[in-house]
Amino acid sequence: MKSQDTPFVGGPLDGRVLPVLLGPTGHPPKTYRVPVPDAAGGPPTVLVYRRVEAGRSSRLGLPQGWKYEYDPEGRRGGRLRWPWPKPRRKPDATPGDGPDTADE
């Protein structure tokens, strides 16, 4: 596997450069999760870092590398997004919940 030295910005890993494994496309993962064990023996705290561009080339506008920025909220992201919009289902719009009012 190929790896790339990637800088980390913000949070407890601020200023560190760590080797990160690259995916099949040659890019590091979009999110990087670091589990930190709890001193009291409880569940580990997970630090979340998001991949952002380190810079862009002036001629073609291509990314010049990547860095990770600390995400203190640790939002769950990275779900699969289709290229076309898909309406969200409302929880009370499931079939068979109530009487059929279309015949009235």
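Coordinate-derived values only; no laboratory data. All values derive from a computational prediction rather than experimental measurement. Here the Cβ is made from the backbone with ideal geometry for all residues, glycine too, and neighbour counts use every protein chain on show.
See the values below:
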{"item": "Kirkwood Rh, Cα atoms: Rg over Rh of segment 23-69", "result": "1.22"}
{"item": "Likely footprinting exposure, Thr6, Thr25, fewest C-beta neighbours within 10 Å first", "result": "Thr25, Thr6"}
{"item": "Local net charge near Arg51, Cβ-Cβ under 10 Å (Lys/Arg +1, Asp/Glu -1)", "result": "+1"}
{"item": "Cα→Cβ-extended label distance, 7 Å offset, between Ala40 and Val17, nm", "result": "3.9 nm"}
{"item": "Distance (nanometres) between label positions extended 7 Å along Cα→Cβ at Gln64 and Thr31", "result": "3.0 nm"}
